[in-house]
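K.L.:
Quick one: the structure is below, and I'll ask about it shortly.
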Amino acid sequence: MKEYGFIRVGAIVPKLYLANPLENAKEIVKMLIKADQNDVNIVTTPELALTGYTCGDLFLNDELLTNAETALKLILEETKKLDLISIIGMPLRLNNQLINAAVVISKGKILGAIPKTYIPNYGEFYEKRWFSSSKDLKETKTTLLDQELIISPNILFRDKAMKEITFAVEICEDLWAVTPPSNNHCLYGATIIFNLSSSNEVIGKNEYRHNLVAMQSAKTISSYVYCSSGLMESSSDLVFSGAAIIYENGTELSHNKLFNLESNLIYSDIDVLKLVSDRRKNSSYMGKVTTKDYYIIDISVKDKIKELKRVYQQYPFVPLNEEKRKARMLEILDLASFALARRLLHLKNSKCVIGMSGGLDSTLAFLITLRALKKLNRSPKDIIAVTMPGFGTTNRTYQNAIDLIKIHGATLKEVDIKEACLLHMKDINLPFDDRSITYENLQARERTQILMDIANMEKGIVIGTGNLSELALGWCTYNGDHMSMYAVNSSIPKTLVRHLVEFCKDQSRGKQREILKDILDTPISPELLPKDSSGNIIQKTESSIGPYILHDFFLYHFLRYGVSIKKLYFLAKITFKDSFSNDELKKWLIVFIKRFTTSQFKRNCFPDGIKVGSVSLSPRGDFRMPSDIDTNYEEFLKEL
């Protein structure tokens, strides 16, 4: 798992024995053993976990501080055989100062200590009564339990074998500060941030806490592990909930149930290579905002995960949550339709010409165009919807296209392309019984020529219907359906096209709902080969190039995060283990890579089109690649 960038991080909220370090140590040891048994690589406890956060003036008592050191010694001894890096919250004596610290340990060794920087002294917090800030440290080296160590807020713990696995630590209020230390930690290479906290619970704070951690992990493009003190802290004036949460780049991976009476552990598998890939695309990570001296401490993170616990979505472009999915569908429709409306305003409200096939893509383009005209208070008659029956057009798709156009009051034009195609075949000496790619493409180009000419006649623009998946796979005829004057679907993958049409169906009633339902139930096909004897579609796209559910999964992870082919295959295996065999996944992955890497020439001259998501193939914006890269597919096969 480690070769793919996966490590398992965790947070322990131990049952607290307030001001009793030895009992706390025993409880922490029990939970550290549990974490190790669950293949956790790095785990943290809350702030001041060895004593409790609410000890008050007992922090000035030497006996408590000595007992805390003795408790740490017990933990070191009891966990020295575990393949685990642990972060323990405790008070540390340092000359004339008392430090609220996070002590990092592994296999009986103290690796380093991180002092808290921002010491709160407002509201219910008055830590300055006892603790000094890291800003007031007089030295950065100390001795603890006869071990020499560095104590500094600027420590990066970096894996010797995979430098992308680098973590840093901040403590509670540090996150709430205007400029959290983790900002710099991440700029200097940390991909994982651990926060030892002691955050009391009040109305609305849990939601705010989640938002704060989500935003910090997104802003720093990191994995953020937050762990706060539990219910057994003093309840004299406050109550603590023991919140533990793990986020990765703004996405929640795990959280615990609040107000546990017993110790609890959460963990999740994070993908550091995914984080690093995102950072390389972000110019903010290409320089240093401030100059700071960092200590680099080498660590050894064992490759111990036996089975990935992380779940990947089969439809990465589509939210799983129904309410979020509905909101996302509406947002995409608004983005696309407002973009088209803006283009039409620039063109002095020209008409829109769309080729209607009765398939998903032209249906979505038509619905988006309807919304754009509605926003401009224009009549649907300004849509010139052209149906162009060919050799493979079935009555089902033809009738759905006609009905959809009529029910919305758009202007219908019908141009049968069969006679023109036969004449063209004669002109170029293509046998009438030929069924090659030439036979297919000449139909697509004939349709495009018709649309372009009608657009000239009507002083309009051709609205493109091609989607992101087709563009990625090169599944479009060069200078045929590949070309338009504005491509509203160009950054919408096929699986998302289907969900958008389904959303529109669910918002519809009566005849329109029936039409959209039948369009959704129709096999995906360019209908360029003659239909069968019963008049049904014989040419099915997914039989030729593979399932779009796989290609969109490949596209998302390959383009969004730049994963290797080997890792892409691994992710597909665990995600589609119940749907496709390994041989099927390998077969269609090879198809995807071959088609993607040889189709850039089509993308390089693709028309303008709105970007709606994080993945786009626009040659002017998001993706630039030579058309003639040297690709050896045998190497891909070897890697797989």
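K.L.:
Can you confirm whether residue 560 is within 27 Å of residue 445 (Cα to Cα) and within 25 Å of the chain's Cα centre (by Cα)?
P.N.:
So residue 560 does not fit the description; no.
K.L.:
With respect to the numbered conditions (1) touching a helix residue (DSSP H, G or I) at 6+ places or on another chain (Cβ under 7 Å); (2) under 25 Å from residue 215 (Cα atoms), which one is the sole condition not fulfilled by residue 93?
P.N.:
Result: residue 93 passes all but (2).
K.L.:
Where in the range 401-497 are there helices (runs of 4 or more DSSP H), lying fully within it, with 2 or more residues that are among the charged types (D, E, K, R)?
P.N.:
Hits in the range 401-497: 418-427, 437-458.
K.L.:
Okay, next question. Specify which of the listed residues (3, 27, 23) is acidic (Asp, Glu), in a helix (DSSP H, G or I), modelled with pLDDT of 95 or more and closer than 28 Å to residue 224 by Cβ.
P.N.:
Answer to the check: 27.
K.L.:
Continuing with this model, one more query. Right, residue 414: in contact (Cβ under 8 Å) with a residue 60 or more places away in the chain, out of contact with any Phe, Trp or Tyr (no Cβ under 6 Å at 6 or more places or on another chain) and either more than 16 Å from residue 336 (Cβ to Cβ) or surrounded by fewer than 16 Cβ atoms within 10 Å (Cβ to Cβ) (or both) or not?
P.N.:
Here the answer is no, as residue 414 does not meet what is asked.
K.L.:
Output yes when any residue across the range 434-451 is over 18 Å from residue 389 (Cα atoms) and open to solvent by less than 10 Å² (accessible area, probe 1.4 Å), and no when none is.
P.N.:
Among the residues of the range 434-451, not one is over 18 Å from residue 389 (Cα atoms) and open to solvent by less than 10 Å² (accessible area, probe 1.4 Å), which makes the answer no.
K.L.:
Of the residues in the range 78-100, how many are out of contact with any Phe, Trp or Tyr (no Cβ under 9 Å at 6 or more places or on another chain) and not basic (Lys, Arg)?
P.N.:
The total comes to 12.
K.L.:
Among the listed residues 440, 458, 470, identify the single one that is within 38 Å of the chain's Cα centre (by Cα), farther than 25 Å from residue 556 by Cβ and not β-branched (Val, Ile, Thr).
P.N.:
Going through 440, 458, 470 in turn, the sole match is 440.
K.L.:
I'm trying to understand the selection: among the residues of the range 279-336, which are open to solvent by less than 90 Å² (accessible area, probe 1.4 Å), among the aliphatic types (A, V, I, L, M) and part of a loop (DSSP other than H, G, I, E, B)?
P.N.:
301, 305, 308, 318
K.L.:
Collect the residues in the range 240-264 that are more than 25 Å from the chain's Cα centre (by Cα) and in a strand (DSSP E or B), keeping them in residue-number order.
P.N.:
240, 264
K.L.:
Can we say residue 552 is at pLDDT 90 or above and charged (D, E, K, R)?
P.N.:
Criteria met by residue 552.
K.L.:
Take residue 49 and tell me if it is over 13 Å from residue 93 (Cα atoms) and either modelled with pLDDT of 95 or more or open to solvent by 40 Å² or more (accessible area, probe 1.4 Å) (or both).
P.N.:
yes
K.L.:
Please go through the range 123-133 and give me each residue that is crowded, with 16+ Cβ neighbours inside 10 Å and either free of Cβ contacts under 8 Å to residues at least 24 places away in the same chain or touching a Leu at 6+ places or on another chain (Cβ under 9 Å) (or both), ordered by number. Even if it seems obvious, please write down each step before you answer.
P.N.:
Quick first cut of the range 123-133, residues crowded, with 16+ Cβ neighbours inside 10 Å only: 125, 127, 130-133.
Correct list: 130, 131, 132, 133.
K.L.:
Just to check your reading of the model, which residue among 233, 170, 248, 252 is free of Cβ contacts under 8 Å to residues at least 40 places away in the same chain and either more than 30 Å from residue 282 (Cβ to Cβ) or among the acidic types (Asp, Glu) (or both)?
P.N.:
Result of the check over 233, 170, 248, 252: 248.
K.L.:
Could you look through the range 500-521, keep only residues that are more than 26 Å from residue 613 (Cβ to Cβ) and not charged (D, E, K, R), and pick out the one that is surrounded by the fewest Cβ atoms within 10 Å (Cβ to Cβ)?
P.N.:
Here the residue is 510.
K.L.:
Return the pairs, sorted by first residue and then second, in which the second residue is of a type in the set (Lys, Arg) and not in a loop (DSSP other than H, G, I, E, B), the first residue lies in the range 178-207 and is touching a residue at least 24 places away in the same chain (Cβ under 8 Å) and open to solvent by less than 40 Å² (accessible area, probe 1.4 Å), the beta carbons are less than 8 Å apart, and the residues are 6+ apart or on different chains.
P.N.:
These pairs meet every condition: 183/219; 189/158; 199/205; 199/209.
The values are calculated or read from the model by the stated rules, or taken from the named source; none is laboratory data. Owing to the predicted nature of the structure, the values given are computational and were not obtained by experimental measurement. So basically every Cβ, Gly included, is an ideal-geometry build from the backbone, and we count neighbours across all protein chains shown. These area figures cover heavy atoms from the full protein model, side chains too; ligands, DNA and RNA do not enter into them. Shrake-Rupley method; radii C 1.70, N 1.55, O 1.52, S 1.80 Å.
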